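The values are calculated or read from the model by the stated rules, or taken from the named source; none is laboratory data. Predicted, not measured: the structure shown is a model, and the values here were computed from it. Heads up, the Cβs are rebuilt from the backbone with ideal geometry, glycines too, and the neighbour counts pull from every protein chain shown. Side chains included, ligands, DNA and RNA excluded: accessible areas come from the protein's heavy atoms. Shrake-Rupley method; radii C 1.70, N 1.55, O 1.52, S 1.80 Å.
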Amino acid sequence: MRFLFKTNYEDDIRLFPHSGYVYSYGLLLAVLLIAPYVLSSYLMSQLVFVCIYATVGVGLLILTGFTGQASLGHAAFLAIGAYTAAYLQQFNVPFPIYFLAAGLLTGVVGALVGFPALRLQGIYLVIATISFAFIVEEILARWESVTHGNEGMRVKAIQLFGTTMSRDGPTFYYLCLAVLVLTIVGTLNLLRSPTGRAFVAIRDSETAARSMGINVALYKVKSFAISAAITGFAGVLFAHKLSFISPEMFTLQLSIEFIIVILIGGTFSLHGAVLGAIFLVMIDPFLTYLKDDMPGVIAGIAATLGAGTERAGHIQDAVAAFASANGLKGAIYGVIIVVFVLFEPLGLYGRWLKIKLFFQLFPLYKRATFKRQKIYVKSERNR
């Protein structure tokens, strides 16, 4: 068991707390680098979506997890980044330029959204971001001269250094992985900086943050801008991966899926963004299995237990109807959110911390180690 004693400020802000982190993350990176040569094209496609969703999750964590500002409008920021790339690509703008332009434009829009949201908190801020998402979706559908309306826009493959980067090729996967790694490293450095510490102070208590001289309004706008810019970068990759974009792809459900990424993975950890993205990508294959294979499996089990052929057929039809029901995906999302909020508010990463600590302290582990405190001082009620 390793004990870390921090004796100065440099130890507290160290990027890697000890050498074990370097080895473990280095091994993980090496595995990800050789993945295209050992995995199938389908699994590689899923890994690309994991990278894109994890990038969005990191951006949303900056706003929600570290600054304490709720948002259900990040699908709109993703759409702005995607449409910026598709529009500039029509004029043969190089990929590095429109990639940066998409992030810059999305960041500016995020800052503009942050200004009117300064006086809003909680459910009212959520309503404001939902309204923004609806406005962007309507603009994308109506501004046909730029977005082609509901017909959508084709997105060509990336041209970089004179070569074409196929959306299914290993080079595009490496690009998405590089963007994710740079986003995570940049966010870690941001959180170690005075700006990141101001974000956390605002999340913990706005009253205490103001008393320490933090300009709460300024840092909230900064948080919105940085979060939106990161999501805009992911939007460019998202557009290239799908090669076609249209307004109905950026709905409120997509914003809810991004919230699920950080709720399931862990609201206060960058690891959680990656874990939540993996979980989110696994939902669609699970629904496909539930629809195509599960009815036959359940009918076979019923037949084995003595059900007649007709009865087993009825069971199979009932399960197939249930698996094909409209809104099943949303219902599953709702159940997952409720379960994690009630039983594991720290998400998958929190569960991993508990398992790791259990083995570190075994047999002296106490179940109350992670018990949430329900006693607050009076000043904390005003935050």
Elements of type helices (runs of 4 or more DSSP H) contained in segment 1-111, each with 3 or more residues being modelled with pLDDT of 90 or more, open to solvent by less than 10 Å² (accessible area, probe 1.4 Å) and not aromatic (F, W, Y): 41-60, 74-89
Condition broken by G122, with the remaining ones in (1) in contact (Cβ under 8 Å) with a residue 60 or more places away in the chain; (2) among the small types (G, A, S); (3) at positive phi satisfied: (1)
Subset of segment 136-160 (residues that are open to solvent by 30 Å² or more (accessible area, probe 1.4 Å) and part of a helix (DSSP H, G or I)): E137, E138, I139, R142, E144, S145, V146, N150, E151
Check on R154, free of Cβ contacts under 8 Å to residues at least 12 places away in the same chain and within 19 Å of Y87 (Cβ to Cβ): no
I337 vs. criteria among the β-branched types (V, I, T) and over 27 Å from P285 (Cα atoms): no
Residue that is least open to solvent (accessible area, probe 1.4 Å), among those in segment 261-310 that are in a helix (DSSP H, G or I) and of a type in the set (F, W, Y): F279
So T163, is it surrounded by fewer than 16 Cβ atoms within 10 Å (Cβ to Cβ), of a type in the set (V, I, T) and closer than 24 Å to V50 by Cβ: no
Complete set of residues in segment 309-351 that are in contact (Cβ under 8 Å) with a residue 12 or more places away in the chain and among the aromatic types (F, W, Y): Y333, F340, Y349
Flag for L118 being in contact with a helix residue (DSSP H, G or I) (Cβ under 6 Å, 6 or more places away or on another chain) and surrounded by 14 or more Cβ atoms within 10 Å (Cβ to Cβ): yes
Answer residue from segment 147-166, given it is at pLDDT below 85 and of a type in the set (V, I, T) and is nearest to A76 (Cα to Cα) among those: T164
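Would you point out which residue out of A208, A133 is over 24 Å from the mean Cα position of the chain (by Cα) and assigned to a helix (DSSP H, G or I)? Spell out how you get there, then give the answer.
Values: A133 fails: over 24 Å from the mean Cα position of the chain (by Cα).
Residue meeting the stated conditions: A208.
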